[in-house]
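The structure under discussion appears below in the form of structure tokens.
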Amino acid sequence: MFKKILIANRGEIACRVIATAKKMGIATVAVYSEADRDARHVLLADESVLLGPAPSRESYLVADKIIAAAKQTGAQAIHPGYGFLSENEDFAKRVEEEGLVFIGPKHYSIAAMGDKIASKKLAGEARVNCIPGWNEAIESAERAVEIAKGVGYPVMIKASAGGGGKGLRVAFSDKEALEGFTSCRNEARNSFGDDRVFIEKFVEEPRHIEIQVLGDSHGNVIYLNERECSIQRRHQKVIEEAPSPFISDATRKAMGEQAVALAKAVKYQSAGTVEFVVGKDQSFYFLEMNTRLQVEHPVTECITGLDLVELMIRVAAGEKLPLAQSDVK
């Protein structure tokens, strides 16, 4: 087990990781920008290192400074929290190359799930339900209309690198598909520097349900049931509810098993979340995988009694998962 870990984040999630590390007898290193000098996570940690000025691009997003802080303090591992560098495959790889341990999934798993088009192809190969649609990048608005007609309206026009409702349009007609493709592509280019766009069937009266998964380096993967996050505003989650009041036990089991199949396909180690959209008939389709600890992880901890941060740390240290699927309550 690690003697000391560095938390490459700030605020609530840094405090959360520090609390579990202390419980496990692991020393902690906080990093901070000049604006966060007196922040709570800095006060709670055993040691702290100044990264730089207030803007995150000059502090929390500078991999070199974080790795230097870990080496300077003798930390053996880095927990990225969520946001910042948590789903950055280059950072995860770099941490390993520098002889440290990344408390999260391997860089190749992050890469495989980070691109919405590539992840859908992988999901299809792993026999995970995918929404009917066109998963290749579409080259023109006219071609988008052709594809939309083939899939059947309504359709969703989505940016491959999108998220948080950006690069997303719903079209109910040829005219809307034509206009939606152009505006979606422009927004994607401006927001993400990647203008690839794909189309999929729009599921009516959808529920947004995510399955928490956990894998280790010994090939074991389990699912920790679901969180429903259908109540949203501007495509941002407002309320997380667990268990879902909507899905049946059979649907829960089927979704969990598919989430595990996908995680195994990318050799997933650590905590992660597979998101599904569920139709009113309980048909469900893969949306994306979040290759990190999520903001809403305490909801799962409340219903299972498990400490996800502790399990992430243990898995990163090479331990086997201490429970099987049948032990998940």
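The values are calculated or read from the model by the stated rules, or taken from the named source; none is laboratory data. As the structure is a computational prediction, the values presented were derived from the model and not from experiment. Cβ placement follows ideal geometry from the backbone for every residue including glycine, while neighbour counts extend to all protein chains displayed. Accessible surface areas use protein heavy atoms only, side chains included; no ligands, DNA or RNA. Shrake-Rupley method; radii C 1.70, N 1.55, O 1.52, S 1.80 Å.
Annotation: the range 216-275 has a Kirkwood hydrodynamic radius of 12.8 angstrom, from the mean reciprocal C-alpha pair distance. Charged neighbours of Asn9, selected by a Cβ distance under 13 Å, balance to +1 (K, R count +1; D, E count -1). A simple count of charges around Val155, restricted to other residues whose Cβ falls under 10 Å of its Cβ and scoring Lys, Arg +1 and Asp, Glu -1, yields +2. Packing, as the average of other Cβ atoms within 10 Å across residues, places the peptides 233-239, 76-82 in the order 76-82, 233-239, highest first. Cross-link partners for Lys106 among the aspartates and glutamates, with Cα-Cα distance under 14 Å and sequence neighbours closer than 8 places in the same chain left out: Glu87, Glu89, Asp90, Glu96, Glu97, Asp216.
Highest mean packing comes first when the peptides 134-147, 205-218 are listed by Cβ atoms within 10 Å, giving 205-218, 134-147.
Rounded to the nearest 20 debye, the dipole magnitude of the range 128-188 is 180 debye, with +1 charges on Lys and Arg beta carbons, -1 on Asp and Glu beta carbons, and the Cα centre as origin. Estimated translational diffusion coefficient (Stokes-Einstein, Kirkwood radius over Cα pairs, 20 °C, 1.002 mPa s) of the range 230-309: 154 µm² per second.
So what does the Cα-only Debye profile of the chain read at q = 0.06, 0.07, 0.11, 0.12 Å⁻¹, as log10 I(q)/I(0), no solvent term? Per q value, in the given order, log10 I(q)/I(0) is -0.22, -0.30, -0.73, -0.86. Add +1 for every Lys or Arg and -1 for every Asp or Glu among the other residues with Cβ under 13 Å from the Cβ of Leu85, and state the total. Charge balance in the 13 Å sphere: +2. Accessible surface area normalised per residue over the chain is 43 Å², counting heavy atoms of protein chains with a 1.4 Å rolling probe. Separation of the alpha carbons by more than 31 angstrom is noted, of Lys22/Lys120; Lys22/Lys121; Lys93/Lys329; Lys71/Lys237; Lys116/Lys149; Lys201/Lys267, for Lys22/Lys120; Lys22/Lys121; Lys93/Lys329; Lys71/Lys237.
Below 8 Å between Cα atoms, with a sequence gap of 6+, how large is the relative contact order for the chain in percent?
The value is 16 percent.
Diffusion of the range 43-134 by Stokes-Einstein, at 37 °C in a medium of 0.692 mPa s and with Rh set to the Kirkwood radius over alpha-carbon pairs, works out to 217 µm²/s. Computed over the chain, the per-residue total of -39500 (n - 2.57) for DSSP H runs of n ≥ 4 gives a 222 nm mean residue ellipticity of -11000 deg cm²/dmol, rounded to 500. Note on the range 110-197: Rg/Rh from Cα positions, Kirkwood definition for Rh, rounded to two decimals, is 0.96. By accessible area, using a 1.4 Å probe on protein heavy atoms only, the chain has 49% of its surface on carbon and sulfur.
Here the relative contact order of the range 253-320, from alpha carbon pairs under 8 Å that lie six or more residues apart, stands at 28 percent.
Helix screen, the chain: DSSP H segments with Cα axial length of 18 Å or more and mean Kyte-Doolittle hydropathy at least -0.5 are 11-23, 249-265.
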